[in-house]
Amino acid sequence: MKKGLILEGGAMRGMFTAGVTDVMMEHGIRYDGAVGVSAGAAFGCNYKSGQIGRAIRYNMRFCNDRRYCGWGCLLRTGNIYSEDFAYGEVPRILDPFDFDAYINNPMSFYIVCTDIETGQPVYHLYKGTEPSGFDWIRASASMPLVSRHVEIEGRKLLDGGITDAIPLRYFETLGYTKMVLVLTQPKGYRKMKTRALPLLRLMYRQYPKLVEAMEHRHIMYNNAIDYLAQQEAAGNIFVLRPESPLPVSRMERNPLKLKLAYDAGRHMAAQRMEELQGFLKE
């Protein structure tokens with residue numbers, strides 16, 4: 001039996017995920033593999049490195065720092081989250097990511113990106129030893145319109161949530177049979193067709209397959225939610241999600257609101273911990 005952890009994205013709604021995973025680590029819960037999408041990759045990698053509290057700590061510290069994120073950063077660099085600071089100076093110097101612990105942890109960690117030329121998802125087993133450093137995580141979290149694509153190994157990549165926001169079926173193909181999912185939207189949420197489609201079509205007119213994927217993104221997401229609901233009702237998966245919409249914007253810069261979302265994740269995980277432990281032991 002392979003136990004897997006699936007982490008949805010959602011930009012700063014991912015603080016909920018960070019709260020959930022911190023409580024899981026505090027209770028010594030281990031998985032054979034995990035997969036993160038967008039913010040789920042950016043914050044979920046701390047599960048493999050065992051760094052409890054790191055995601056909320058550095059986000060509260062730097063969310064108002066112009067070097068970290070913001071519209072000024074977007075105008076200067078083409079990325080709303082700084083490549084050099086958010087994915088360079090912070091994890092390497094100011095709040096170091098523990099690469100040694102990450103590498104030594106036998107849990108597999110996968111990252112989901114979107115290939116903008118094919119419009120298809122790309123699944124990468126991130127070992128923490130690649131010369132590309134944090135580029136795979138940065139690619140997975142690079143939101144359309146406010147991020148430049150990231151080129152790795154000849155592929156042009158963007159946000160993994162465009163093509164596989166909840167990679168439950170992918171983990172099933174890898175042989176995972178006991179899976180825990182952390183979502184960042186409450187039960188009953190349905191994604192609507194984006195109103196930004198005219199701008200997306202203009203900005204990405206060179207990449208018609210990507211545009212097509214974004215046109216159908218809400219359909220793919222809602223289909224994934226329907227399948228997830230079937231599996232949850234059958235008792236095949238365990239889902240942790242917010243009880244109500246989280247009090248944060250996608251690019252939230254209020255540290256107190258980030259803490260509220262984080263605490264909501266901690267509360268949910270603590271509230272359902274006994275139930276979760278029972279599910280994993282069945």
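The values are calculated or read from the model by the stated rules, or taken from the named source; none is laboratory data. Because the structure is a prediction, the values reported are computed rather than measured. With ideal geometry, Cβ positions are generated from the backbone for all residues, glycine too; neighbour counts draw on all protein chains shown. SASA here: full protein model, heavy atoms, side chains in, ligands and nucleic acids out. Shrake-Rupley method; radii C 1.70, N 1.55, O 1.52, S 1.80 Å.
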Using 7 Å Cα-to-Cβ label points, what is the ARG61/GLU153 separation (nm, one decimal)? 3.2 nm
How many angstrom lie between the C-alpha centres of segment 12-85 and segment 243-270? 13 Å
Which residues among segment 1-41 fall inside the zone where the amide N is under 12 Å from a point 7 Å beyond the Cα of ALA101, along Cα→Cβ? 22, 25-26
Using +1 at the Cβ of each Lys and Arg and -1 at the Cβ of each Asp and Glu in the chain, identify which of VAL248, GLY53, LEU199 lies farthest towards the dipole's positive end. LEU199
With a cut-off of 8 Å between alpha carbons and a minimum separation of six or more residues, what is the relative contact order of the chain in percent? 28 percent
Mean separation of Cα pairs under 8 Å and 6+ residues apart, divided by the residue count of segment 123-223: what relative contact order is that in percent? 23 percent
Spatially proximal lysines relative to LYS127 (Cα-Cα < 30 Å; intrachain offsets below 8 disregarded): LYS2, LYS3, LYS48, LYS156, LYS178, LYS209, LYS259, LYS281
Along the dipole axis of the chain (charges at Cβ: +1 for Lys and Arg, -1 for Asp and Glu; origin at the Cα centre), the most positive-end residue among ALA270, GLY78, LEU125 is GLY78
Among PRO242, PRO208, PRO121, residue whose mean-square fluctuation peaks in a GNM of the chain (springs only between Cα atoms under 10 Å): PRO208
Sort LEU145, LEU157 by heavy-atom solvent-accessible area, probe 1.4 angstrom, most to least. LEU145, LEU157
Accessible surface of LYS127 in the full protein assembly, 1.4 angstrom probe, to the nearest 10 Å²? 120 Å²
Computed helical MRE - 222 nm, the chain, DSSP H runs ≥ 4 contributing -39500 (n - 2.57), nearest 500: -12000 deg cm²/dmol
Checked segment 126-271 with the C-alpha gyration tensor, a ≥ b ≥ c its square-rooted eigenvalues, rounded below a/c of 1.5, otherwise prolate if a/b is larger than b/c and oblate if not; verdict rounded
Rounded to the nearest 20 debye, what is the charge dipole size of the chain about its Cα centre when +1 sits on each Lys and Arg Cβ and -1 on each Asp and Glu Cβ? 700 debye
Expressed in square angstrom to the nearest 10, the accessible area of ASP95 with a 1.4 Å probe stands at 10 Å²
Take every DSSP beta bridge whose two residues both sit in segment 1-131, then give the antiparallel share in percent to the nearest 5. 45 percent
Give, rounded to the nearest 20 debye, the magnitude of the charge dipole that segment 39-185 has about its Cα centre when Lys and Arg contribute +1 at Cβ and Asp and Glu contribute -1 at Cβ. 360 debye
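Using the Cα centre of segment 122-167 as the reference point, and only Cβ charges (+1 on K/R, -1 on D/E), how large is the resulting charge dipole? Debye, rounded to the nearest 20.
Charge dipole of segment 122-167: 60 debye, to the nearest 20.
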Roll a 1.4 Å probe over the protein heavy atoms and report the accessible area of HIS27 in Å², nearest 10. 90 Å²
Which of the listed residues, SER108, ASN64, PRO96, is farthest toward the dipole's positive end in the chain, when Lys, Arg count +1 and Asp, Glu count -1 at the beta-carbon? ASN64
